[in-house]
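Q: Pasting a structure here, questions to come.
The values are calculated or read from the model by the stated rules, or taken from the named source; none is laboratory data. Since we're looking at a predicted model, the values are computed, not measured. Here the Cβ is made from the backbone with ideal geometry for all residues, glycine too, and neighbour counts use every protein chain on show. Side chains are part of the model used for accessible areas, which takes the heavy atoms of the whole protein and leaves out ligands, DNA and RNA. Shrake-Rupley method; radii C 1.70, N 1.55, O 1.52, S 1.80 Å.
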Amino acid sequence: MTKLMIIVPAYNEQEVLQSSIERLWQIENELKQSQQITMDSGILIVDDGSVDQTWPIIEQLHQKQPAISGLRFSRNFGHQAALLAGLTTAVWDADVMITIDADLQDDPEKIPAMIEQYQAGCEIVYGVRSDRQTDSWFKRNTAELFYGLMHKMGVTMIPDSADFRLLSNRAVHALLKYSERGLFLRGLVPQLGFQTGRVEYRRTPRLAGKTKYSLKKMVGLALNGITSLTSIPLRLIFWLGMLACMLAIGMGIFTLTVHLLGKTMQGWSSLMLSLWFIGGVQLMSIGVIGEYLSKVLVEVKHRPRFIVDQHLK
Ligand code: UDP
Ligand code: MG
């Protein structure tokens, strides 16, 4: 039999946490009754430094039901860090781990189907959003742009896969060997290999509360995804530089020809234009290089990826 641990990252989720956990608990109970998972399977909630009632709610849930455990960060470390902490903790004794957002926008009713695929031999089962009409226009389109861009840059990602997925104990062990700081699970998990499966579902609106992903966090996640999975932007800079050089050579030949024909150019605007253009390209390029450099800096510092304040178990 399989021991399952459902991992739920939660950041200021007081409005939804209670009902979400109850629903997940019920789903687990049904699986227990049909003897697909062991009786000591549980739920692990990772409180990512919430400042509302999230932690007291977790304490209450734990008191009523010891199989519901909690991990509390010392401050907000971010969604990815919370997922990582949950996996790192659960991997000690669970056979399978399923991560799911606290707002249950990803359909928890698909959990039994995930377990089935695991039992059929899959080490990783992706939750894929076949329909995300309930997300805002902005979110849908920026997400699509991002997945498209990543694909163009040669990064394997499962389009519309969320951080709702099943990972076997072996898969998590493999994942934990990736010791990078700026973790981007959606990009890393497909690199693990193994036999994979997928379940599709419609993404529903949040049960309650507001999104915890500010625009800033979204942009941060996307930039981190790009810089940690591909160096194509650096190569693009090189080609951009090449292009600028070619243009300069062309311009030189043109100017020389015009000069030899006896028509010297006035040329203030063209001078200013190229000055600003090249200047802009250079600044942008330095910015991109800086982005990678800062990444290297963060990695060599080897700072902790999260700090645990309390562990209820
Ligand atoms: N979350 C987190 N830390 C953060 C931001 C979000 O642990 O800094 C959690 C949040 O509680 C939720 C999940 O990550 O369980 C997804 O966040 P949200 O639903 O707000 O994102 P969206 O669905 O809008 O992309
Ligand atoms: Mg959500």
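Q: Which value, in debye to the nearest 20, describes the size of the charge dipole of region 139-212 about its Cα centre when Lys and Arg Cβ atoms bear +1, Asp and Glu Cβ atoms bear -1, and nothing else is charged?
A: Details: 14 positive and 5 negative charges, 60 e Å.
It works out to roughly 300 debye.
Q: Name the residues of region 41-57 whose amide N is less than 20 Å from a point 7 angstrom out from the Cα of residue 88 along the C-beta direction?
A: 43-50
Q: Right, another one. How big is the Kirkwood radius of the chain, worked out from every pair of different alpha carbons and given in Å to one decimal? Mind showing how you got there, number by number?
A: Numbers: mean 1/r = 0.0455 Å⁻¹.
With all distinct Cα pairs of the chain included, I get 22.0 Å.
Q: Kindly provide the trypsin sites (Lys or Arg not before Pro) of region 46-131 that DSSP labels as loop, not H, G, I, E or B, and whose Cβ sees at most 12 other Cβ atoms within 10 Å.
A: Of the trypsin sites (Lys or Arg not before Pro), the ones in loops of region 46-131 whose Cβ has at most 12 other Cβ atoms within 10 Å are 75.
Q: Could you give me the ³J(HN,Hα) list for region 294-303, computed from phi with Karplus coefficients 6.51, -1.76, 1.60 and θ = phi - 60°, whole Hz, x at Gly and Pro?
A: So the Karplus estimates, Gly and Pro as x, are 5, 4, 4, 4, 4, 5, 5, 5, 6, 6 Hz.
Q: Still on this structure: Could you check how much of the accessible area of the chain is carbon and sulfur, as a whole percent, using a 1.4 Å probe? Can you show the working numbers first?
A: Working: 10530 of 16910 Å².
Carbon with sulfur: 62 percent of the solvent-accessible area.
Q: Which of 85, 67, 248 ends up with the largest GNM mean-square fluctuation for the chain, with Cα atoms connected below 10 Å?
A: 248
Q: With every protein chain present, what is the per residue accessible area of the chain (1.4 Å probe, Å²)? Intermediate values should be presented prior to the final figure.
A: On the way: 16910 Å² over 313 residues.
It amounts to 54 Å² per residue over the chain.
Q: Taking just the alpha carbons, could you work out the radius of gyration and Dmax for region 182-293, both in angstroms?
A: 23.7, 75
Q: Considering the dipole of region 157-276 built from charges on the beta carbon (Lys and Arg +1, Asp and Glu -1) around the Cα centre, which of 268, 239, 192 is farthest to its positive end?
A: The Cα lying farthest towards the positive end belongs to 192.
Q: Within 10 Å, count the other beta carbons around each residue, average over each peptide in 4-11, 232-239, and list them highest first.
A: Details: 4-11: 25.8, 232-239: 13.1.
In decreasing order of mean packing, 4-11, 232-239 become 4-11, 232-239.
Q: While we're here: Quick one: of the DSSP bridges fully inside the chain, what percent are antiparallel, nearest 5? Kindly include the intermediate steps, with their values, before the conclusion.
A: Values: 12 of 35 bridges.
Bridges in the chain that DSSP calls antiparallel: roughly 35 percent.
Q: Once the whole set of protein chains is in place, how much accessible area is left on residue 118, using a 1.4 Å probe, in Å² to the nearest 10?
A: About 60 Å², rounded to the nearest 10.
Q: Out of 19, 274, 214, any idea which swings most in a Gaussian network model of the chain, alpha carbons joined below 10 Å?
A: Answer for the Gaussian network model of the chain: 274.
Q: Of the cross-linked pairs 152/212; 216/313; 177/216; 3/64, which ones have a Cα-Cα span greater than 23 Å in the structure shown? Walk me through the numbers before you get to the answer.
A: Numbers: 152/212 29 Å; 216/313 34 Å; 177/216 29 Å; 3/64 21 Å.
Long pairs (Cα-Cα over 23 Å): 152/212; 216/313; 177/216.
Q: In addition: May I ask which residue of 282, 298, 312 lies farthest towards the positive end of the charge dipole of region 249-313, with charges of +1 (Lys, Arg) and -1 (Asp, Glu) on Cβ and the Cα centre as origin?
A: Of the candidates, 312 comes out farthest on the positive side.
Q: Using a simple charge model, +1 on the beta-carbon of Lys and Arg, -1 on the beta-carbon of Asp and Glu, nothing else, what dipole does the chain show about its Cα centre, in debye to the nearest 20?
A: Working: 32 positive and 29 negative charges, 222 e Å.
Approximately 1060 debye in magnitude.
Q: With unit charges on the beta carbons (Lys and Arg positive, Asp and Glu negative) and the dipole taken about the Cα centre of region 1-124, which residue among 104, 81, 91 sits farthest to the positive side?
A: 91
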